[in-house]
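For reference, the structure discussed in these notes is given below.
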């Protein structure tokens, strides 16, 4: 994703970038513990409640 942003010179807010990086790190850590982990499937009920 970040290579596409850099290639097309798109500006991303730093807070959005921090959230994306945090989710990527969390997903990588979770997959190291459980290779079948689907982070978005686990988070979906919580995300739907927020909307």
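Every number here is computed from the coordinates shown, using simple stated rules; none is lab data. Quick caveat, the model's predicted, so the values are computed rather than measured.
Descriptive notes on the structure:
- Cα long-axis angle, helix 39-50 against the chain (0 to 90 degrees, to the nearest 10): 80
- Taking each DSSP H run with n ≥ 4 as -39500 (n - 2.57) and averaging over every residue of the chain yields -23500 deg cm²/dmol at 222 nm.
- Normalised radius of gyration (Cα atoms, divided by 2.2 N^0.38 Å) for the chain: 1.39.
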